[in-house]
Number of protein chains: 2
Amino acid sequence: MAEAGLAAAIDRVGNVYGRTPGNRRTVLIGSHTDSVPNGGWLDGALGVMYGLEIARAMIEAGHAGGVDVISFQDEEGTFLPCLGSKSYCGVLSNDDLARAAGPDERRLSDVLAAAGFSAEASRFEPDRQVAYLEAHIEQGPKLEAAGARIGIVTGIVGIRRFRVRASGQADHAGTTPMRLRKDAGAALIRLAARILESMPAMSAGETVWNIGAMEFKPGAANVVPAEASFILEIRDLDEKVLDRLQTRVEAMVAEAAAGAPVAVAHESIGRIEAVAMDRALADIVRKVAARHVGEPMIMPSGAGHDAMVVARTMPSAMLFIPSIGGRSHNIVEDTREDDIVLGCRVLADAVNEVLSRAGSTDRPGR
Amino acid sequence: MAEAGLAAAIDRVGNVYGRTPGNRRTVLIGSHTDSVPNGGWLDGALGVMYGLEIARAMIEAGHAGGVDVISFQDEEGTFLPCLGSKSYCGVLSNDDLARAAGPDERRLSDVLAAAGFSAEASRFEPDRQVAYLEAHIEQGPKLEAAGARIGIVTGIVGIRRFRVRASGQADHAGTTPMRLRKDAGAALIRLAARILESMPAMSAGETVWNIGAMEFKPGAANVVPAEASFILEIRDLDEKVLDRLQTRVEAMVAEAAAGAPVAVAHESIGRIEAVAMDRALADIVRKVAARHVGEPMIMPSGAGHDAMVVARTMPSAMLFIPSIGGRSHNIVEDTREDDIVLGCRVLADAVNEVLSRAGSTDRPGR
């Protein structure tokens, strides 16, 4: 960042921030560079490199600025999901920071202190940044399946996550007659099947759901399960759809509890509100993309991104490029080179358009 | 055993054998004294103590014998299920012995050598033992539920155990549209629900089944399950019923595989043939029991016992006494004291009746 001519700093939570010199209106371009274990090379890093490349090219072309670049810390949530963007937007409390701990129980505050990150937090400046643009790989197969090269994100889906548990009694599976069993496993198999069966009719067109984990205890072939649990996750862009689905799932859990000789209950173990991207900003990105490759795909983001935090603070938009085979969070994650180049060109054009409309006194050329 | 007047020895696999002096025809009474982790005080030990008490009482009353007593080693299968009874009946190969290992990978042969068990194997003597009688706690709730105090076992159920697996693809549960998923978990939830739904109509009156374990991998809320598996166990006294159920389950697995975008397959991971008890011998036990408490309950054993090994070698019968709350393999395992005493009296009477019919020259009085 320093080499590109940006004033670079690492702040107290580890955000890497490249601020363009001067006091012009700017577009903030960023994403994250942290990854998941055994993750790929594009998830996050792509959006930061786009920002750096656009800032570098603009400065090299003699336009002293217009773009600030940021790599937000810990988007993936090893310690605290979207740590960096929350800090940048001023929605991270000292309590959140003090409580956050990693998978090995290391406290975030200790890790940050050990890393020597003591500089003041980088913060959003309302009189400076007019918009946030984040480019990211899709991490799914929709663009590839449709033969589209650019996706314009309408919003980031909300997530409702529930753990459903049944408690019965561990009995010998050879000696206990069927009618005398309190089989937690059978109750949850039936409930899970019913939910899966009902979901297509209950959901909206883009709703997705997943039962990603299921576990029986004690888990022996010859013991009637005493405890069983599964995790159900539902995602949709529309909070009303999520409300409706939650109500119906809760009713099915209650019916299962009423009809079974076991206790069945659910608890919410995660809830993230859906966030809409800025319509006008997304429309700018759509129009400049259309100049390159015809109409891009208009789509929700099924995964979370820093943009869902930043969108509450300033106008934000996201651009997706295709993931080969839809694969991500895996070493095989990749994108065709010409798609990577195209995404950067579209983003650069979008920056120019935004700065032009914002009336930047030093409008960079295309 | 030595104090009671029996010639006691521990053989090479750890069977504790009390042979009554002389060359009369005898009834072998036994069970096992090993237990499961955190098991109770009656599972197995009860049947050995009955044998010892009946032998002691007969010798004390001046009848020099008629009963040999055995505590079979490792019925529960820490190293090899029914190790002791298999050795006693001559159906344990040297290969079986050499291969057997415990949960911590200790080899059975090393453990036996370390314990100093080097005496010759105790073996069934066809000219001596006329019958095997094993008393055991029911380990289930049927006797208690029916208010019965004695159960006469018709046979020991056969067991078919299958692992059913599905293989799909791990995808991001937020970004992958429902129609593009290869969800191993959903496929197995549907199949398991279908099997549970179909079983009551497909099975016979005393059939029992259990899905005791179910597991998804990678098992994360936000990842579509790539692998899923469950274990299905079916038990019945009638091998024809088991054959029929296996055929139908296999058909359901094949249908699930045909209809799903994932691979679904099953493998047999355990098969134990059903074993009938000797009808004439069981009828003797039934008749003497009826003299004490009216008609006993006639029932299959849903759990395995040494009698299922011994029954292939000599006429064998089993007697059950109630388990409080049906509980076993647990520290709470218990039986009412008067039921314990009654069981021993019935068994003693049965021994007298069997020896009487066998024409023992030194018939013990009642």
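So which residues in segment B:148-190 are in a helix (DSSP H, G or I) and either under 22 Å from A:R179 (Cα atoms) or within 8 Å of another protein chain (Cβ to nearest Cβ) (or both), if there are any at all? If you could, list the steps in order and put the result at the bottom.
Looking only at segment B:148-190, we keep the residues that are in a helix (DSSP H, G or I), and these are B:178-180, B:184-190.
Selection gives B:M178, B:L180, B:G185, B:A186, B:I189, B:R190.
Note on segment B:216-232: among residues that are more than 7 Å from chain A (Cβ to nearest Cβ) and open to solvent by less than 30 Å² (accessible area, probe 1.4 Å), the one that is farthest from A:V224 (Cα to Cα) is B:A226.
Among the residues of segment A:188-206, is there at least one that is in contact with a Gly (Cβ under 6 Å, 6 or more places away or on another chain) and more than 21 Å from B:A226 (Cβ to Cβ)? Can you show your working first?
Start the filter on segment A:188-206 by keeping residues that are in contact with a Gly (Cβ under 6 Å, 6 or more places away or on another chain), which leaves none.
No, there is no match, as no residue in segment A:188-206 is in contact with a Gly (Cβ under 6 Å, 6 or more places away or on another chain) and more than 21 Å from B:A226 (Cβ to Cβ).
Taking segment A:9-90 and the strands (runs of 3 or more DSSP E) fully enclosed by it, the elements with 2 or more residues that are within 21 Å of A:A350 (Cβ to Cβ) and within 22 Å of the chain's Cα centre (by Cα) are at A:26-32, A:67-72.
If I ask for residues that are part of a loop (DSSP other than H, G, I, E, B), out of contact with any Cys (no Cβ under 8 Å at 6 or more places or on another chain) and not aliphatic (A, V, I, L, M), which ones from segment B:306-334 would you list? Talk me through it step by step, then tell me what you get.
Taking segment B:306-334 and keeping what is part of a loop (DSSP other than H, G, I, E, B), we get B:306, B:311-315, B:322-323, B:327-334.
If we keep only those that are out of contact with any Cys (no Cβ under 8 Å at 6 or more places or on another chain) too, we end up with B:311, B:314-315, B:322-323, B:327-334.
Residues satisfying the conditions are B:P315, B:P322, B:S323, B:R327, B:S328, B:H329, B:N330, B:E333, B:D334.
On the stretch given as segment B:160-195, residues that are open to solvent by less than 20 Å² (accessible area, probe 1.4 Å), within 30 Å of B:M277 (Cα to Cα) and touching a Lys or Arg at 6+ places or on another chain (Cβ under 8 Å) total 1. If you filter segment A:295-307 down to residues that are more than 14 Å from chain B (Cβ to nearest Cβ) and open to solvent by 30 Å² or more (accessible area, probe 1.4 Å), you find that the one that is farthest from A:C82 (Cα to Cα) is A:E295. All of (1) facing chain B (nearest Cβ under 8 Å); (2) in a loop (DSSP other than H, G, I, E, B); (3) of a type in the set (S, T, N, Q) hold for A:N210 with one exception: (2).
So how many residues does segment B:288-338 have that are within 18 Å of B:A131 (Cα to Cα), of a type outside the set (V, I, T) and within 15 Å of the chain's Cα centre (by Cα)? Explain how you work it out, then say what you get.
Within segment B:288-338, the subset within 18 Å of B:A131 (Cα to Cα) is B:288-289, B:305-320.
So of that shortlist, the ones also of a type outside the set (V, I, T) come out as B:289, B:305-308, B:311-312, B:314-320.
If we keep only those that are within 15 Å of the chain's Cα centre (by Cα) too, we end up with B:305-308, B:311-312, B:316-320.
Residues that pass the stated criteria total 11.
Identify all residues within segment A:146-205 that are among the charged types (D, E, K, R) and within 22 Å of A:T247 (Cα to Cα); write none if there are none. Let's see the steps before the verdict.
From segment A:146-205, those among the charged types (D, E, K, R) are A:149, A:160-161, A:163, A:165, A:171, A:179, A:181-183, A:190, A:194, A:197; that's our starting set.
Those that are among the charged types (D, E, K, R) and within 22 Å of A:T247 (Cα to Cα): A:R160, A:R161, A:R163, A:R165, A:R190, A:R194, A:E197.
Name the single residue that is surrounded by the most Cβ atoms within 10 Å (Cβ to Cβ) among those in segment A:129-142 being more than 28 Å from A:A213 (Cα to Cα) and under 18 Å from the mean Cα position of the chain (by Cα).
Step one: filter segment A:129-142 for residues more than 28 Å from A:A213 (Cα to Cα), giving A:129-135.
Narrowing further to those that are under 18 Å from the mean Cα position of the chain (by Cα): A:132-135.
Values: A:Y132: 29, A:L133: 28, A:E134: 33, A:A135: 28.
The selected residue is A:E134.
Return the residue satisfying two criteria in turn: it lies in segment B:113-147 and is touching a His at 6+ places or on another chain (Cβ under 8 Å) and assigned to a strand (DSSP E or B), and of such residues it is nearest to the other protein chains (Cβ to nearest Cβ). Give the derivation first.
First, the residues of segment B:113-147 that are touching a His at 6+ places or on another chain (Cβ under 8 Å): B:134, B:136, B:139-140.
Now narrow it down to the ones that are assigned to a strand (DSSP E or B): B:134, B:136.
Numbers: B:E134: 15, B:H136: 11 Å.
Per the criteria, the residue is B:H136.
Only one entry in A:G5, A:G39, A:G47, A:G62 is within 24 Å of A:V341 (Cα to Cα) and open to solvent by less than 10 Å² (accessible area, probe 1.4 Å), namely A:G47.
Each residue in segment A:284-304 was checked for being without any contact (Cβ under 8 Å) to a residue 40 or more places away in the chain and in a helix (DSSP H, G or I), and 1 of them qualify. Which of the residues belonging to segment B:335-350 are crowded, with 18+ Cβ neighbours inside 10 Å and outside any helix (DSSP H, G or I)? Listed by number, the list holds a single entry, B:T335.
Scanning segment B:55-73 turns up no residue that is out of contact with any helix residue (DSSP H, G or I) (no Cβ under 6 Å at 6 or more places or on another chain), in contact (Cβ under 8 Å) with a residue 12 or more places away in the chain, closer than 29 Å to A:A220 by Cα and not β-branched (V, I, T).
The values are calculated or read from the model by the stated rules, or taken from the named source; none is laboratory data. Every value quoted in this text rests on a predicted model; they were computed, and no experiment measured them. Here Cβ is always computed from backbone atoms with ideal geometry, including for glycine, and neighbour counts include all displayed protein chains. Surface accessibility is based on the protein's heavy atoms, side chains included, excluding ligands, DNA and RNA. Shrake-Rupley method; radii C 1.70, N 1.55, O 1.52, S 1.80 Å.
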